[in-house]
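In what follows, a single structure is set out as C-alpha cells and then discussed.
The values are calculated or read from the model by the stated rules, or taken from the named source; none is laboratory data. Note that the coordinates shown come from a computational prediction; the quantities given were computed from them, not determined experimentally. In this analysis, Cβ positions are derived from the backbone assuming ideal geometry, glycine residues included, and neighbour counts consider all displayed protein chains.
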C-alpha cells in the first residue's frame, strides 16, 4: 500500500515539474513580464512542495502507526475484564491478537483475543483510510499553495535552494541520530539490567555465569539471598581481564611489526618498494575478520596445540594465544598505516640537523624522528587497542566460552564481544537479566572504545597542527 | 674501546635496525601468503563434485505409467522407489544393510535429480540412458583424497563394504568429477554435497544494495553540507566529532543498535537482508562521509569562485561544478565502504541473519544469510565436506572484495583530476 502511495506521489510530483515549468512560461508571456528565476526552478518548486510534505507524512505515519494501534488496543483491554493484569501480560495478549489477525496464531483463540483481532483489523483499515485521505489533502493542498506562489512570480530559486539546504542539514544530522540511537538502545536495556543487578557487583564481581539467570519468572519477588546470588552471577571482571589479555597479546604482535614496517617504509624503502609494500600491508586490513577467525580456529589454534603437545604443555584448543596472535596480524595495518603518515609528517629539517651532527640513520630515527612523532604513534596505538577490544569474529571463532580468570596464554579465556554474541544469537528472552547483560556489556564496550578513540583522535589532531 | 670499534658498533646497530624493518615487512607478507595458500589449497576442490554414473531404464511398466501418460501422470511417478531400484542395480548386494550402505554413497537428493532429469526429457520414455548422479559427501571426500583409507574401520566415515563398492566403481570408470553447479545456485543444507552459497550470495547482494541506497545519498549530502555550507560553530564541531567517533565504534555495537531499535522498537522482520542492510548502512555512513569530504575538499576554491563570478548561486556552484568534480573520489570512497560492509559479520549475527536458511531469498524481506555468515556457519560444522566449502566461500568473498577495491582504485586513478 505504501508503495502505491509513493508511486502516486512520484508520478504526480514528476508531472508537476513540467506543469510548473510550462505554466510560468505561459504566464510570463501573457502578462509580459520577466520571471525572477529560470523556468525549471518553478517546476522544481512545485514538484518539491507537492512531494516532500506528503512523503514526510507517509514516513512518520508508517513509523508511528504500530505504536498508536498498540496503545489503542491495550487501553481497550485495560478497560475490559483484564484490567488487573500487569503490563507484560497485556503485551503478550497483544502479540496473540496480532498473530491471530495475520493468521500465524496456532491453537484455539479465546473470545477476547478474537474480539481483539477484529478490533485490530478495523483499526488498521481506519488507519489506512486516514493515511490515504491525509496524503491526498497534503499533495493537493501544498501543490495549490505552491502554484499560487508561482503565478505571483515568486523567487523560485531561493525557495528551492532553501529546501535543499534543509535536506542537507537533515542528512548530516543522521550521524548524530545514529549515536543517539546507540546510546538509547544500550541505556534502556542496561538500566533494566542494573535495576536487578548491583552495578558494583557487575563491575567488580569475579564470577561470570549468566546461565544461572536464564530460566526465571520475573513476576516472582526474590529474597535478599537469591538476589545476592543472581548479582554474583554477573561479575564481569573475567570478561574484562580476558578482553584485555587477548588485546595485550595482539598488541605485542602488532606494535613491533607495525611500527618497524612503518619506519622501514617511511625512512629506508625506495619509492618502488614503498609503492608496492604499503598497499600489500593494507590488504591485511581489507580481509574480513571472519576469514581471520576461520584461520585462527582451524589453522593457528591446532598448530599451537600440536606444538604444545610435543613440548608436553597443556594447551587448550581455544587458547588465548591463537586468537591474540591472529588478531595482532589483523591490527598491523592500523598501527603501520597511521604511524607511516605520522613519521612522514616529521619535517625533513629535523633529520638533516641530526645527520649534520654525524648521527647514523638509525640514530636519527631513534633519537629525533620517533620522539618527534611520538604523540601521533601513541594515537595510532590507542586506535589499534580500541580495534582489538571491539573485535568480534576472531574471538568468537577462536577464543573460548568459559569465563576463566587466567594469565596463562595457553588457557582459554573469553571476551566481552564473545559473550555478547553468545547471549544474543539464538532465542532471546527480553525480560531476562541474561539478555540485558549483553546490552550492559555493549554499553561498557561502547564507553571504553569511545574514550580511547576520543583521546587518540585529539592526540593525533593536536600533533598534526604542530607540524602543519 | 677504540674509535674504530665504536664506529663499527654504531654501524652494526644501523644494520640491525634496518633488518628489523625488513623482517617485520616480511612477516606481514608471509602471513598474507600463508592465508592465501591455505584458502586456495583447501578451497579449489569445492568447485568440482564427484558423480556416479548409473544406467536409468525409464521403462513404462517400471514407472507405473498408462499407455499415453498425461503431465499429471508424469508428476505422480514415484521417483523415489524408481531411483532406488536403479541404484541397486549398480552393484550386487546380498541383504538390506548392504543395500543401505550402497544407497548412502549417493546424495540424499537422488530422487529429485532423477525426477528433474526425466521431466525435462520425457522423450526418453522406454529408453535406457546413462546419468550422472551426485555422490554423497563422504564418497566425494574419499575420491578427492581427503579421507585416509588405511585406518581402522570404526574411525572412518566409509565402511569396508563401501570401499569395496568404491573400488568397483573406479575400475568401471563410473566416478567422474564435474563442475559443481549446486555450489553457486543452492541454499544452505545439512548435506555438504548439495549445500551452496547461492542463498548467501543473494542475501549479501540485497543487503549491500539496501546499504548503498541508504548510505550513499545521505553520506554525500552530509559531506556537501559539512564541507560547503556548514557555518563554523559548536553544532558543526559536534557533528564532526560525532562522525569521526562513530567511524571507530566497534561493529558489534551497531548490531546491538539494530537489535534494540530496528527489531525491538520498530518490529522489522528478523533475519532479513533489509534489516541487515539498514544496520550496515548506519555503520558505513561515517566511513563514506569521511572520504567524500576529503574529495570535496580537494576541489580547488577557484572552481567555486569562477562559478560564483558568472552569476551562479552557492547551491548551483556546488551542484553543477564541485560535486561532479569530486565524484571519482566520492564513488571510490563509497565502493571501499561497501566492500567493508560486505565482509562484516558481527552486526548481522545479532540481528538474526545467522539462521539456517535453505530457501534462496527472492527479495530483501526474505530471511537469508550472507557470505561471511555462511563462512562462520560452515566453519563451526564438523563435517569434512564443509571444510573445503568454507574455504571456497572465502575465495568467492575475497574475489568480490578484490574486484570492488580494484574498481575503486581504477576509478580514482582514471577519472580523478590532479589539481596543482
Residue check for residue A:2: under 41 Å from the mean Cα position of the chain (by Cα) and surrounded by fewer than 15 Cβ atoms within 10 Å (Cβ to Cβ): yes
Unique match (being more than 9 Å from chain B (Cβ to nearest Cβ), exposed (fewer than 15 other Cβ atoms within 10 Å of the Cβ) and closer than 30 Å to residue A:230 by Cα) among A:197, A:191: A:191
Failed item, numbered, when residue A:282 is tested on (1) modelled with pLDDT under 85; (2) over 19 Å from residue A:379 (Cα atoms); (3) assigned by TED's automatic domain parsing to the domain that holds residue A:326: (2)
Residues of the range A:155-181 classified as surrounded by fewer than 19 Cβ atoms within 10 Å (Cβ to Cβ) and within 14 Å of residue A:43 (Cβ to Cβ), total: 1
Count - residues of the range A:23-46 that are closer than 23 Å to residue A:12 by Cβ and outside any helix (DSSP H, G or I): 2
Residue within the range A:405-418 that is more than 23 Å from the chain's Cα centre (by Cα), surrounded by 20 or more Cβ atoms within 10 Å (Cβ to Cβ) and at pLDDT 90 or above present: no
Output for the range B:257-315, where each listed residue is assigned to a loop (DSSP other than H, G, I, E, B) and over 30 Å from residue B:203 (Cβ atoms): B:298, B:299, B:300, B:310, B:311, B:312, B:313
Residue that is out of contact with any strand residue (DSSP E or B) (no Cβ under 6 Å at 6 or more places or on another chain) and over 21 Å from residue A:449 (Cα atoms), where the choices are A:417, A:364: A:364
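Give the range A:261-289 a look and list any residue that's closer than 16 Å to residue B:36 by Cβ and part of a helix (DSSP H, G or I), or say none.
A:279, A:280, A:281, A:282, A:283, A:284, A:285, A:286
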Condition met for residue B:255 (more than 9 Å from chain A (Cβ to nearest Cβ) and either under 29 Å from the mean Cα position of the chain (by Cα) or touching a residue at least 60 places away in the same chain (Cβ under 8 Å) (or both)): no
Residues of the range A:159-182 that turn out to be more than 7 Å from every other protein chain (Cβ to nearest Cβ), farther than 23 Å from residue B:213 by Cβ and without any contact (Cβ under 8 Å) to a residue 60 or more places away in the chain, as a count: 1
Check on residue B:147, closer than 29 Å to residue B:383 by Cα, part of a loop (DSSP other than H, G, I, E, B) and out of contact with any strand residue (DSSP E or B) (no Cβ under 6 Å at 6 or more places or on another chain): yes
Residues being under 19 Å from residue A:289 (Cα atoms) and either surrounded by fewer than 21 Cβ atoms within 10 Å (Cβ to Cβ) or more than 7 Å from chain A (Cβ to nearest Cβ) (or both) - total across the range B:237-250: 2
Of the criteria (1) under 27 Å from residue A:398 (Cβ atoms); (2) in contact with a helix residue (DSSP H, G or I) (Cβ under 8 Å, 6 or more places away or on another chain), which one residue B:335 fails: (1)
Tally, over the range B:143-156, of residues that are touching a helix residue (DSSP H, G or I) at 6+ places or on another chain (Cβ under 8 Å) and at pLDDT below 80: 2
The lone exception for residue B:223 - which of (1) within 14 Å of chain A (Cβ to nearest Cβ); (2) over 28 Å from the mean Cα position of the chain (by Cα); (3) surrounded by fewer than 23 Cβ atoms within 10 Å (Cβ to Cβ) it fails: (3)
The lone exception for residue A:48 - which of (1) without any contact (Cβ under 8 Å) to a residue 40 or more places away in the chain; (2) surrounded by 18 or more Cβ atoms within 10 Å (Cβ to Cβ) it fails: (1)
Enumerated helices (runs of 4 or more DSSP H) restricted to the range B:340-420, each holding at least 3 residues that are closer than 22 Å to residue B:212 by Cβ and more than 9 Å from chain A (Cβ to nearest Cβ): B:384-415
Unique residue being outside any helix (DSSP H, G or I) and within 30 Å of residue A:15 (Cα to Cα) when the list is A:137, A:154: A:154
Residue in the range B:80-93 that is outside any helix (DSSP H, G or I), loosely packed, with under 15 Cβ neighbours inside 10 Å and out of contact with any helix residue (DSSP H, G or I) (no Cβ under 7 Å at 6 or more places or on another chain) present: yes
Of residues in the range A:257-276 being crowded, with 19+ Cβ neighbours inside 10 Å and without any contact (Cβ under 8 Å) to a residue 60 or more places away in the chain, the one farthest from the other protein chains (Cβ to nearest Cβ): A:269
Segments classed as helices (runs of 4 or more DSSP H), wholly inside the range A:306-390, with at least 1 members that are surrounded by fewer than 21 Cβ atoms within 10 Å (Cβ to Cβ), touching a helix residue (DSSP H, G or I) at 6+ places or on another chain (Cβ under 7 Å) and away from every other protein chain (no Cβ under 12 Å): A:320-345, A:348-356, A:370-390
Count of the range A:200-235 residues which are within 12 Å of residue A:433 (Cβ to Cβ), surrounded by fewer than 17 Cβ atoms within 10 Å (Cβ to Cβ) and at pLDDT 85 or above: 0
Residue B:116 being modelled with pLDDT of 85 or more, in a helix (DSSP H, G or I) and either touching a helix residue (DSSP H, G or I) at 6+ places or on another chain (Cβ under 9 Å) or not assigned by TED's automatic domain parsing to the domain that holds residue B:388 (or both): yes
